[in-house]
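Chemist: Pasting a structure below so you can have a look.
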Amino acid sequence: MKAIPYGRQNIQQDDIDAVVKTLSSDFLTQGPKVKEFEDKFAKYVGAKYAVAVNNATSGLHLAVLALGLKPGERVITTPITFAASANCVRYAGGEVWFADIDSETYLLSFEKTKKLIESKPKGFFKGIIPVDFAGLPVNLEEFRNLADEHNLWIIEDAAHAPGGYFIDSKGNEQKCGNGNYADIAVFSFHPVKHIACGEGGMVTTNSEVLYKKLSLLRTHGITKENMQENHGGWYYEMQELGFNYRLTDIQSALGITQLCKNDAGVKRRNEIADAYKNAFEGVIKYQHLPNGTYNAHHLFVIEVDNRKGLYDFLRAHNIFAQIHYIPVHTLPYYQGIGYAVADLSQAEHYYSKCISLPMYPSLTNKEHNFVIEKVLNYMNG
Ligand SMILES: *Cc1c(COP(=O)(O)O)cnc(C)c1O
C-alpha cells in the first residue's frame, strides 16, 4: 500500500485548467479573479463581505489590527490550535491568555473562558479567538453573549471549518464564518486544509467598517478613494501603515474551482469519520460531536494511552498520522514569556493522548479500512 498521509489536497483537471487560463489572461494579480473568489466565498459561508489574503496568518494579523488591538491589550484563545491563532495577537504587541479546552469536544471551553474573564476587572480583556478545531464549529452564540456582557470582540479562527455549522437557540443553521456571532472569521487555503490555493486565506465579516479596514490594510494602507479634482489619475493616499497581504489571481482561480468541490469534500470527510466512529465505538475515544453540529472534519482525532507507540506502529505501515497540536503555551517562545505556568491541565492531558488519523476526500474506502485495521491491531496488542 502506498503512503497514506493525514491530509492531502484534491486537485483535478478543472483546477489545473482554471490556473492555466488565468496565466494567459491580463491579470496575474489584482484582477477580476480575486473579486470573483471573494464574492463566491462570502456567498458560500453566508457572510456579507470577504477579503482574500495570502494566507490565514496574514488574515488573523489584519483581523486583530482592524479590531484595533493595541500593544499590551489582552486576548483569550485556546492552547489546542496552530500557533498562528495566538501569534497574531503578539504581532500587534498584545498579550495572549489561554483558557483550557473542553475534554470532550477539544474546543476552547466556554465555562473556563467565562471563569477567566470574570476573575478579572471589566475591560481587562479585549477579545476572544475561538478555533473551530478539527472542523468542529464552536457554539459562537454563547460566546457572543459573554463577549457582549464584557465588551469583547470575537475572531473565529475557522481555518479548519469551511462548510461546518452549528444550530443556534432559535433553530437556525449558523455556517462557520457567516459573521452572525463573530466580528471576523478567518479561513486558510493551505493544501492540507479543505480548499487548496498553495498558500491563501480569506477573512469574512458582516461589518462594512471592518471590511474597509481589512481591505485598506491588505494593500499597504493605500487607497484611491479620496480623489480630488486638483490631482491627476495617478493620485493615491497612504492613510495607514499597511501590508502587502494580497492573494493572486492565479491562486484565486484555483480557489474558485476548489470552493465548488467543498460540499462534496466535507460530505466525504463525514463518511470517513462515520466509518472510523463505527469501528472505534466503545473502544477508542474520539472527538465528541454536540447535537445539531456539523463537523467539517479537517481532522479526525482519537485519544489513546500509548500514543507514541501507535504513531510509530502506523508509520511502520506507511500511515502518516499526525499530532494536533503541541499546546501553544508549552512552545518555547510562549514558555519564554511565562505562559507555561497557566492551569491548562485538560489541554496537556489531551496532548498526551491525541493522534489525528488520515482524513481527506480522496482517501479511498480501502485505505481508511486499512487504517482502521492497523489501529485496531495495535490496540489489541
Ligand atoms: C493552518 C492554520 C492557520 C494558519 O493558516 P496559514 O494559511 O497556513 O497561514 C491558522 N489557524 C489554524 C487553526 C490553522 O490550522
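Chemist: Go through (1) touching a residue at least 24 places away in the same chain (Cβ under 8 Å); (2) away from the ligand (no atom under 14 Å from the Cβ) and name the single condition Tyr235 misses.
Modeler: (1)
Chemist: Quick one: in segment 149-189, of everything that is over 11 Å from Val138 (Cβ atoms) and among the acidic types (Asp, Glu), which residue is farthest from the ligand (Cβ to nearest atom)?
Modeler: Among those residues, the one meeting the criterion is Glu149.
Chemist: Conditions first: (1) among the hydroxyl-bearing types (Ser, Thr, Tyr); (2) surrounded by 15 or more Cβ atoms within 10 Å (Cβ to Cβ); (3) more than 26 Å from Ile16 (Cα to Cα); (4) at pLDDT 95 or above. Thr257 passes all but one, so which condition is the exception?
Modeler: Here Thr257 meets the rest and fails (3).
Chemist: Follow-up. Can you tell me which condition Tyr311 does not meet? The list is (1) of a type in the set (Phe, Trp, Tyr); (2) under 19 Å from Ala3 (Cα atoms); (3) part of a loop (DSSP other than H, G, I, E, B), and all the others hold.
Modeler: So the condition that Tyr311 fails would be (3).
Chemist: Based on what the data block shows, is Glu149 free of Cβ contacts under 8 Å to residues at least 24 places away in the same chain and acidic (Asp, Glu)?
Modeler: When the stated conditions are applied, Glu149 passes them.
Chemist: Find all pairs meeting these conditions: Cβ atoms under 7 angstrom apart; at least six residues apart or on different chains; first residue within segment 169-188 and free of Cβ contacts under 8 Å to residues at least 12 places away in the same chain and outside any loop (DSSP other than H, G, I, E, B); second residue within 16 Å of the ligand (Cβ to nearest atom) and of a type in the set (S, T, N, Q).
Modeler: Note: no pairs meet the criteria.
Chemist: Among Leu314, Leu363, Leu357, Leu376, which is the only one that is under 21 Å from the mean Cα position of the chain (by Cα), over 30 Å from Val75 (Cα atoms), surrounded by 12 or more Cβ atoms within 10 Å (Cβ to Cβ) and modelled with pLDDT of 95 or more?
Modeler: None of the others qualify; the one that does is Leu357.
Chemist: Just one of Val192, Val203 is part of a loop (DSSP other than H, G, I, E, B), within 16 Å of the ligand (Cβ to nearest atom) and of a type in the set (Val, Ile, Thr); which is it?
Modeler: Val192
Chemist: Another one. Scan Val53, Val138, Val89, Val75 and give me the residue that is touching an Asp or Glu at 6+ places or on another chain (Cβ under 6 Å), in contact (Cβ under 8 Å) with a residue 12 or more places away in the chain and within 16 Å of the ligand (Cβ to nearest atom).
Modeler: None of the other options fit; the residue is Val138.
Chemist: Turning to a different aspect of this structure: With respect to Tyr44, is the statement that it is closer than 25 Å to Val138 by Cα, buried (at least 19 other Cβ atoms within 10 Å of the Cβ) and more than 16 Å from the ligand (Cβ to nearest atom) true?
Modeler: Against the criterion (closer than 25 Å to Val138 by Cα, buried (at least 19 other Cβ atoms within 10 Å of the Cβ) and more than 16 Å from the ligand (Cβ to nearest atom)), Tyr44 qualifies.
The values are calculated or read from the model by the stated rules, or taken from the named source; none is laboratory data. Treat the numbers as computed from the prediction; the structure is a model and nothing was measured. Glycine gets a Cβ as well: all are built from the backbone with ideal geometry, and neighbour counts include every protein chain shown.
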